[in-house]
Amino acid sequence: MPSDLNPPTGIPEPTSGPPVVRPAVPADAPAIAVILSDALRAKYRPALGARALAGLAGMVRDDLSSGSGGFLVAELDGETAGAVHLATAESRPGDGFARRLTERVGLVTATRAMLVLSLLRPDPLAPDEGHIGELGVAEQARRRGVARALLDAVEQRAREAGKARLTLWVTGENAPAIALYEGTGFAAVRRRRWPVGRLVFRASGIILMEKRIGGS
Ligand SMILES: CC(C)(COP(=O)(O)OP(=O)(O)OC[C@H]1O[C@@H](n2cnc3c(N)ncnc32)[C@H](O)[C@@H]1OP(=O)(O)O)[C@@H](O)C(=O)NCCC(=O)NCCS
């Protein structure tokens, strides 16, 4: 059948360009928030409920405006397709985080968010550690190497910052993410049972994964 008889579907043709990763700028905040609030809804729904998008957009914008440079974005054919955040001991959220969140989402939601997110707060970061706190890829862009490209770039950035290892927490139920991390050189270093996590995030266990990236 001639292809011009196929009706237009409105669905963009898949393209083959490789993901392009770059440091995020403040104008990326809305797109990053859309991707993370969707990809990480198991985390941000319990924390921020219906205000997840607004709350996240504000938090991302704060991070980007602070100049800490923790976010990287990946583009596929000019569209934002994924984002990752690198935290270090030097770049923890500054003073005024709770106040700014309250201004954006109201006191009740902000209080709930602080409480819920504190359940996920990693141990204080060591000087040699780069910590991946957020990684998300838009659903329509998955399995095209976006996360792998973001992890490569974040590793390079952590190495340039003098870090010797990358760490992250992943829930035991998240098979795609565990496959991604194992395939990119991370290994489990600690497993925690997580009764509160089962209640709040529907995840019964959480795994600390680590990758040595250089140094001593
Ligand atoms: C996990 C996630 C980030 C992967 O993003 P992605 O861009 O689709 O991943 P990539 O295309 O770079 O995949 C790299 C490798 O990871 C593994 N992988 C990725 N998704 C997988 C899946 N659904 N099932 C099994 N393995 C998977 C594969 O080994 C894959 O290599 P392959 O495609 O050559 O087989 C994405 O599914 C996502 O955003 N999930 C929701 C958010 C999340 O869980 N974030 C991590 C929190 S710790």
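Throughout, read-outs are computed from the coordinates displayed, never taken from laboratory work. Given the structure is predicted, the values throughout are model-derived calculations rather than measurements. All Cβ positions, glycine included, derive from the backbone under ideal geometry; neighbour counts span all protein chains shown.
Considering only 65, 55, 30, and ranking their Cα positions along the charge dipole of segment 20-212 that arises from unit charges at the beta-carbon of Lys, Arg, Asp and Glu, the one farthest toward the positive end is 55. The alpha carbon centroids of segment 161-175 and segment 50-83 are separated by 19 Å. Where in segment 172-188 is the amide nitrogen less than 14 Å from a point lying 7 Å along the Cα-to-Cβ axis of residue 204? From segment 172-188, the list is 172-174.
Note on the chain: antiparallel DSSP beta bridges, both residues inside, total approximately 90 percent of the bridges counted. Looking at segment 155-216, the trypsin sites (Lys or Arg not before Pro) that sit in a DSSP loop and have at most 15 other Cβ atoms within 10 Å of their own Cβ are 202.
With 5 Å bins beginning at zero, the pair-distance distribution over Cα atoms of the chain amounts to 1, 7, 14, 18, 20, 17, 11, 5, 3, 2, 1, 1, 0 %.
In segment 20-212, Cα pairs under 8 Å separated by at least six residues give a relative contact order of 21 percent.
With a cut-off of 13 Å between beta carbons, the residues surrounding residue 176 carry a summed charge of 0, where Lys and Arg count +1 and Asp and Glu -1. Local charge for residue 45 was computed over the other residues whose Cβ lies under 12 Å away, with Lys and Arg +1 and Asp and Glu -1, and equals +4. Taking 0.36 nm per residue of separation and subtracting the Cα-Cα distance, full extension of the segment from residue 79 to residue 103 would add 5.6 nm. Taking each DSSP H run with n ≥ 4 as -39500 (n - 2.57) and averaging over every residue of the chain yields -12000 deg cm²/dmol at 222 nm. For a modelled paramagnetic label at residue 182, 7 Å from Cα along Cα-to-Cβ, the residues of segment 150-168 in reach, with backbone nitrogen under 20 Å, are 151-152, 166-168.
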